1. So which strands (runs of 3 or more DSSP E) are wholly in region 1-110 and hold at least 2 residues that are more than 16 Å from Leu125 (Cβ to Cβ) and at pLDDT 90 or above?
2. Taking the condition of being over 21 Å from Ala14 (Cα atoms) and among the charged types (D, E, K, R), how many residues in region 55-85 meet it?
3. How many residues are closer than 22 Å to Lys106 by Cβ, crowded, with 16+ Cβ neighbours inside 10 Å and among the small types (Gly, Ala, Ser) when one looks only at region 26-82?
Amino acid sequence: MGKRRGSNAERELAKKFYEKGFAVLRVAGSGAAQYPTPDLLVMKDDMVLAIECKMRKQPFIYLTEGDVQTLKSFRDRAGCEAYFAIKFLKHGWHFYPLQEVISSGKPYKILLKEAGAALTIHHFLNGMRQKKLV
């Protein structure tokens, strides 16, 4: 995915969270930052989510060791929840908890046909609201 396309996808997702009442911080150039940073920090009340965004035309994606370790390092330092948000073109956003990606083992491959186990943006946002109420 090109830088412009990736940046546009990050902004699109940031807008969706913002419209649902979350505070959102987009970290421009997060992949080139000196320290591990996610693409988005999403916050509401005492909930903080670190989100790494990816977009693919193909029905699969390979996450690099660097992608996984960067998000894990940030999560461990910040004490927040961490997710990969993957937009499969024509299929929308799907959210994968970092821990599930790690436990799937290397290579870190995610298939769209397995995305049924992932949360769509609608279910993800509703799940976050429910989690907050518990």
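The values are calculated or read from the model by the stated rules, or taken from the named source; none is laboratory data. Just so we're clear, the structure is a prediction, and the values are computed from it rather than from any experiment. Counting neighbours? That spans all protein chains shown, and the Cβs are built from the backbone with ideal geometry, glycine included.
1. 23-26, 47-56, 60-63, 81-88
2. Final tally of qualifying residues: 3.
3. 2
For every residue, the table says whether it meets (1) under 24 Å from Asp46 (Cα atoms); (2) within 13 Å of the chain's Cα centre (by Cα); (3) of a type in the set (Lys, Arg).
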{"site": "Gln58", "(1), (2), (3)": "no, no, no"}
{"site": "Leu63", "(1), (2), (3)": "no, yes, no"}
{"site": "Asp67", "(1), (2), (3)": "no, yes, no"}
{"site": "Ser73", "(1), (2), (3)": "yes, no, no"}
{"site": "Arg77", "(1), (2), (3)": "yes, no, yes"}
{"site": "Ala82", "(1), (2), (3)": "yes, yes, no"}
{"site": "His94", "(1), (2), (3)": "yes, yes, no"}
{"site": "Ser103", "(1), (2), (3)": "no, no, no"}
{"site": "Tyr108", "(1), (2), (3)": "no, no, no"}
